[in-house]
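The values are calculated or read from the model by the stated rules, or taken from the named source; none is laboratory data. This structure is a prediction, so every number in the text was calculated from the model and none was measured. Accessible surface areas use protein heavy atoms only, side chains included; no ligands, DNA or RNA. Shrake-Rupley method; radii C 1.70, N 1.55, O 1.52, S 1.80 Å.
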Amino acid sequence: GGRIPAEARRSLTDATAVLQRVASDLQVSSGDGLIVVAKNSAPPPAAGLHACVYVARTSTGWFYVGETDHLPTRIDHHRRKPRMRTAVFAGMQVLRGGKSVA
């Protein structure tokens with residue numbers, strides 16, 4: 001991760017709260033909480049060990065919600081798109097059920 005700009009924090013906080021509610025509603029076991037990946041940063045290697053649901057927020061405020069079995073690869077693919085190059089990501093690992101439960 002890295003430092004997240006102040007203007008992005010509230011929206012990212014709101015989005016991660018949604019992820020937590022979704023996990024709770026699905027009665028999914030989550031790992032150590034959230035993985036936050038600031039713009040121009042890469043997720044930690046351990047982020048690829050579990051399926052996860054994630055939210056991406058671009059610098060223009062656009063949101064994308066997705067699911068993946070390997071967050072580092074998915075973020076790399078997103079960042080190849082112009083509007084996603086500087087996106088901030090927040091992901092919640094799903095330890096039980098894989099990405100299909102999301």
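Structure data summary
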| item | result |
| --- | --- |
| 1.4 Å probe accessible area per residue over segment 39-97, in Å² | 53 Å² |
| Accessible surface, 1.4 Å probe, highest first, among residues Val65, Val53 | Val65, Val53 |
